[in-house]
Amino acid sequence: MFIENANGDRGYVEINPEECKGCGLCVASCVPKVLHMADRLNHLGYHPAQYLGHGCNGCGLCFYTCPEPGALRVFKREAAAA
Amino acid sequence: MPNYAILHEKPECLYEDYERKSELHRQTHYCPGCGHGIVHKLLAEAITELGIQDRTILISPVGCSVFAYYYFDVGNVQVAHGRAAAVATAVKRAHPHSIVISYQGDGDLAAIGSAEILHCANRGENITTIFVNNAIYGMTGGQMAPTTLLGQKTTTSPTGRDFHHDGAPMKVGEMLSALDGPTYIERVSLGNVKQIMLARKAIRKALETQIAGLGFSLVEFLSPCPTIWKLDPVDAQKHVHDVMEKHYPLGVKCDRIAERTAPPEPAPMTPLTDLPRILRLPSTEPAPLHFSEEPLDWRIRVAGFGGQGVLLLGQLLAEAGMDAGLHVSWLPSYGPEMRSGTSNCHVRLCSSEIDSPVVSRPNALLALNEPSLRKFIATVEPGGVVIYNGDSIPADCSRHDLRIVAQPFAEIADSLGSAKALNIVMLGAFLSLSHALPDSPIESALKRLVKSERWLELDRRALAVGRERVPAEEFVHA
Ligand SMILES: Cc1ncc(C[n+]2csc(CCOP(=O)(O)OP(=O)(O)O)c2C)c(N)n1
Ligand code: SF4
Ligand code: SF4
Ligand code: SF4
Ligand SMILES: [Mg+2]
């Protein structure tokens, strides 16, 4: 899968802002600190988490701390294309 | 430009959309930061990756996770508060090849369901329990649970849990591990992401234990409840790590996987078609329609001493009625003494459905002794039939609105070879007088209930003599 703004980083996260409940656990779990809470509110009235757009290493830790099963997906750069 | 592959996404075992009443068809109903969501995700991932989705049956409890069945695309049963371990046992035993996962909160498991989980674990049932311990009753607004920490304020311990008043927080993992039954029990934590990754492994190990048929497994999760704890989700997670983990030590509490072996395959279930043979029912043919066009409603009371065959007499009537295609009921009622106490039973033979098996206004009374006659004769409906074992009806019992037969049936039976056949002689008398049932169902019921050939032969003679002694139209007004 080609992802346009992944910048060649080892990983990439996609957060569905309308499924996120803004708990902030993913932000706290991310070692390189590439997630933050958005200023805008989603339809549930939460500030959703947002990916800064670069620096993700694809570790997947944010996925496992997120309590909302469908809010967050993690992509990893494919070895063959590296 | 490099390509990317999906590494982690919502596990297949969770539905794409959640069919729930109101909106939010893509969100769970859990509060932001709730540990249940994380446990759901870990469990769903393990089910998907172990390839057991199609044979998994999840038991949802009462508690905040009551709606687990909205999310998991597996077989689902939602059960009464605390009963998950009992229902899981039944499901597993009925479907031994299924993977049964019982999901329970700490109120559900450690309070109201403490007996069920204790015995399920002790029996070593081959199921997996997912135990989410958030030290509180979440769903009902924050009452103290057996697992609530000392000093923790709840709506029912407003000044904090007090050891002298409320006892100590219950360590379920350790407690169940003290039993020999369980195979694998571990306590894990959702207190930080490192612990969550260890929890992920524990779920797998528990499920693998069940898949291999090795017996009972349980994973206890220390889990945040930010809403009731009144902490924001990040602080609630820290609280699990900094506070809960201190009282509830993490780690494997018992691991007997290496010493356990799977039991032999359970015997195949008895096919339903075999039941008539096992229960000695007459044949697999459908019961004949009842023999009479007239609506029929016999309400019979049989009464005597224990040991006189009162209950067998009632049972014969009911079983024969069943063979005749009637609706029947038989309700025995006796004191604690097996012999010489009083004994009576209620029998109904009906052409329509029976509303109650209790016969308080009989239209037939079979009284095997005098006390029983005295006790029940006043209850008999006018026009009803009374068969009494005695030379004559005592004067102070007589009624003129009944069809009464009084004969020394015990002596008649004795002259046939045994006074014990009294009940059958009286049955013959009743049948002759009432035309309640035709001969063939009586014969088939007798054959089914009387096991010994010798007695069967005696009872057939007793039945015939009873009929002869009371020809159809002959009865006396006492
Ligand atoms: C027989 C019965 N008693 C009491 C209740 C009320 N009740 C509903 S949930 C609950 C406690 C749930 O606590 P827990 O099992 O810890 O689940 P949590 O919500 O914390 O996940 C109680 C007492 C009930 N539903 N049924
Ligand atoms: S995958 Fe790892 S590095 Fe990337 S956003 Fe998630 S936690 Fe951060
Ligand atoms: S952990 Fe999940 S729900 Fe919480 S803020 Fe991050 S994406 Fe949103
Ligand atoms: S009350 Fe607590 S346990 Fe229940 S959904 Fe909210 S956070 Fe989760
Ligand atoms: Mg609870």
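Structure values in brief
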item: Test: B:G33 is at positive phi, crowded, with 19+ Cβ neighbours inside 10 Å and within 12 Å of chain A (Cβ to nearest Cβ); result: yes
item: Single match in B:Y103, B:Y18 (criterion: surrounded by fewer than 21 Cβ atoms within 10 Å (Cβ to Cβ), touching a Ser or Thr at 6+ places or on another chain (Cβ under 8 Å) and of a type outside the set (S, T, N, Q)); result: B:Y18
item: Residue in the stretch B:237-246 that is within 12 Å of chain A (Cβ to nearest Cβ), surrounded by fewer than 23 Cβ atoms within 10 Å (Cβ to Cβ) and in contact with a strand residue (DSSP E or B) (Cβ under 7 Å, 6 or more places away or on another chain) present; result: yes
item: Residue that is modelled with the lowest pLDDT [pool: residues in the stretch B:273-300 that are closer than 26 Å to B:N344 by Cα and in contact with a helix residue (DSSP H, G or I) (Cβ under 8 Å, 6 or more places away or on another chain)]; result: B:L281
item: When residues of the stretch A:49-59 are limited to those that are open to solvent by less than 50 Å² (accessible area, probe 1.4 Å) and not in a loop (DSSP other than H, G, I, E, B), the one farthest from ligand 5 (Cβ to nearest atom); result: A:Y51
item: Residues of the stretch A:53-77 satisfying the condition of being at the interface with chain B (Cβ under 7 Å from one of its Cβ atoms) and free of Cβ contacts under 8 Å to residues at least 60 places away in the same chain; result: A:G58, A:G60, A:L61, A:F63, A:Y64, A:T65, A:P67, A:E68, A:P69, A:G70
item: The stretch B:1-50, subset in a helix (DSSP H, G or I) and among the aliphatic types (A, V, I, L, M), residue nearest to ligand 2 (Cβ to nearest atom); result: B:I38
item: Subset tally (residues that are away from ligand 4 (no atom under 16 Å from the Cβ) and either touching a His at 6+ places or on another chain (Cβ under 6 Å) or more than 14 Å from chain A (Cβ to nearest Cβ) (or both)) for the stretch B:202-235; result: 15
item: Qualifying residue in the stretch B:93-111 (condition: touching a Cys at 6+ places or on another chain (Cβ under 9 Å) and acidic (D, E)); result: no
item: Residue within the stretch A:4-13 that is under 9 Å from the mean Cα position of the chain (by Cα) and either more than 16 Å from ligand 4 (Cβ to nearest atom) or surrounded by fewer than 22 Cβ atoms within 10 Å (Cβ to Cβ) (or both) present; result: yes
item: Sole exception among (1) within 12 Å of ligand 1 (Cβ to nearest atom); (2) over 19 Å from B:T227 (Cα atoms) for B:A121, by number; result: (1)
item: Single residue of the stretch B:130-142 satisfying the filter (within 30 Å of the chain's Cα centre (by Cα) and not aromatic (F, W, Y)) that is nearest to ligand 4 (Cβ to nearest atom); result: B:G138
item: Residues of the stretch B:129-148 that turn out to be open to solvent by 10 Å² or more (accessible area, probe 1.4 Å), of a type in the set (A, V, I, L, M, F, W, C) and more than 8 Å from ligand 1 (Cβ to nearest atom), as a count; result: 1
item: Any hit, the stretch A:64-80, residues being in a loop (DSSP other than H, G, I, E, B), over 26 Å from B:Y30 (Cα atoms) and of a type in the set (D, E); result: yes
item: Matching option when the condition is among the small types (G, A, S) and open to solvent by less than 20 Å² (accessible area, probe 1.4 Å), among B:A367, B:A378; result: B:A367
item: Hits in the stretch A:9-35 (condition: within 7 Å of chain B (Cβ to nearest Cβ), of a type in the set (A, V, I, L, M, F, W, C) and part of a loop (DSSP other than H, G, I, E, B)); result: A:C23
item: Hey, B:S157 touching a helix residue (DSSP H, G or I) at 6+ places or on another chain (Cβ under 8 Å) and either of a type in the set (S, T, N, Q) or at pLDDT below 95 (or both) or not; result: yes
item: When residues of the stretch B:51-73 are limited to those that are surrounded by 22 or more Cβ atoms within 10 Å (Cβ to Cβ) and assigned to a loop (DSSP other than H, G, I, E, B), the one farthest from ligand 5 (Cβ to nearest atom); result: B:P61
item: Close pairs from the stretch B:42-71: first closer than 14 Å to B:A84 by Cβ and more than 14 Å from chain A (Cβ to nearest Cβ), partner open to solvent by 40 Å² or more (accessible area, probe 1.4 Å) and within 16 Å of ligand 5 (Cβ to nearest atom), Cβ under 6 Å, at least 6 apart; result: B:V62/B:H81; B:G63/B:M139
item: The stretch B:108-143: number of residues that are more than 21 Å from B:I203 (Cα to Cα) and touching a Phe, Trp or Tyr at 6+ places or on another chain (Cβ under 7 Å); result: 1
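The rows are residues; the columns are (1) within 15 Å of ligand 3 (Cβ to nearest atom); (2) over 20 Å from B:G35 (Cα atoms).
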position	(1), (2)
A:M1	no, yes
A:K21	yes, no
A:R40	yes, yes
A:C56	yes, yes
A:C59	yes, yes
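For every residue, the table says whether it meets (1) more than 27 Å from B:P2 (Cβ to Cβ); (2) within 10 Å of ligand 2 (Cβ to nearest atom); (3) of a type in the set (D, E); (4) open to solvent by 40 Å² or more (accessible area, probe 1.4 Å).
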position: A:N16; (1), (2), (3), (4): no, no, no, yes
position: A:G22; (1), (2), (3), (4): yes, no, no, no
position: A:C30; (1), (2), (3), (4): no, yes, no, no
position: A:D39; (1), (2), (3), (4): yes, no, yes, yes
position: A:N42; (1), (2), (3), (4): yes, no, no, no
position: A:H47; (1), (2), (3), (4): yes, no, no, yes
position: A:Y64; (1), (2), (3), (4): no, yes, no, no
position: A:V74; (1), (2), (3), (4): no, yes, no, no
position: A:A79; (1), (2), (3), (4): no, no, no, yes
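The values are calculated or read from the model by the stated rules, or taken from the named source; none is laboratory data. Everything numeric in this text was worked out from a predicted model, so none of it was measured. Heads up, the Cβs are rebuilt from the backbone with ideal geometry, glycines too, and the neighbour counts pull from every protein chain shown. The accessibility values were calculated without ligands, DNA or RNA, using every heavy atom of the protein model including side chains. Shrake-Rupley method; radii C 1.70, N 1.55, O 1.52, S 1.80 Å.
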